[in-house]
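The values are calculated or read from the model by the stated rules, or taken from the named source; none is laboratory data. Keep in mind that this is a model prediction, so the values were computed, not measured. Using ideal geometry, Cβ is built from the backbone for each residue, glycine included, and neighbour counts are taken over all protein chains shown.
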Amino acid sequence: MHSKWIFNQIDALQIKKKINLLDFASGNGRNSIPLSYKNFIVTAIDKDQEKLNKYENYNNINTIPFDLETEKEWPLPREFFDVIIVVNYLYRPNIKKLIDLLKKDGFLFYETFSFGNEKYGSPKNPDFLLKDGELLDIFENELVPLSFYNGKIIGKNISIKQRASFIKKTSYYKDALFKKR
Ligand SMILES: C[S@@+](CC[C@H](N)C(=O)[O-])C[C@H]1O[C@@H](n2cnc3c(N)ncnc32)[C@H](O)[C@@H]1O
């Protein structure tokens with residue numbers, strides 16, 4: 001089952017044209033596959049070739065096997081993606097590189113586990129758990145925050161997650177938004 005929050009965010013954009021969407025650490029394609037039916041051009045990158053094999057032949061999906069946690073340059077074009085989604089993945093040392101991949105006016109939708117989740121299930125390792133407000137701390141200097149949530153998600157199981165959405169604007173716009181009124 002796909003992430004409902006991600007799909008709600010994307011549906012709210014009411015996108016009518018063919019856009020480039022990056023599913024970062026795309027796993028078994030539970031988000032990439034249904035997004036490709038929306039006629040988006042989906043780039044799905046993950047280190048797990050076996051998972052990618054399951055959807056490498058879908059129309060509108062370009063799968064890229066790659067380890068995102070080395071110092072090697074990512075095989076992804078800069079300022080190319082209209083939308084980037086990241087679901088249930090965190091690797092802090094490289095996280096800010098996502099900003100360069102977004103086009104101006106592009107959107108980042110990020111959803112993953114945060115501290116407190118360890119009481120309910122995996123992941124429990126602090127390397128994979130966001131601190132309160134951490135997505136805002138990471139991105140808000142370069143991207144404009146649109147929404148933020150940190151707390152309990154009640155689904156089949158209970159989890160503690162952070163969900164944040166951002167848009168990439170020029171620095172002029174950001175200054176105008178946050179400077180004195
Ligand atoms: C919990 S899964 C989430 C997958 C997908 N985003 C989803 O929500 O279904 C985490 C994914 O991160 C990928 N991953 C972990 N370490 C990685 C790395 N170093 N480089 C690329 N992908 C990695 C795993 O292969 C796995 O598919």
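Odds and ends about this structure:
- Scope the stretch 56-75; condition among the hydrophobic types (A, V, I, L, M, F, W, C) and either within 12 Å of the ligand (Cβ to nearest atom) or free of Cβ contacts under 8 Å to residues at least 12 places away in the same chain (or both); matching residues: Ile64, Phe66, Leu68, Trp74
- Counting only residues that are within 7 Å of the ligand (Cβ to nearest atom), free of Cβ contacts under 8 Å to residues at least 60 places away in the same chain and among the charged types (D, E, K, R), the stretch 23-38 holds 1 of them.
- Residues satisfying the stated conditions in the stretch 70-94, i.e. over 11 Å from Ala25 (Cα atoms), at pLDDT 95 or above and part of a loop (DSSP other than H, G, I, E, B): Thr70, Lys72, Glu73, Trp74, Pro75, Leu76, Pro77, Arg78, Glu79, Phe80
- Just one of (1) in a strand (DSSP E or B); (2) closer than 21 Å to Val42 by Cα fails for Ser147. It is (2).
- Considering residues of the stretch 95-130 that are part of a loop (DSSP other than H, G, I, E, B) and among the aromatic types (Phe, Trp, Tyr) only, the residue nearest to Val83 (Cα to Cα): Phe115
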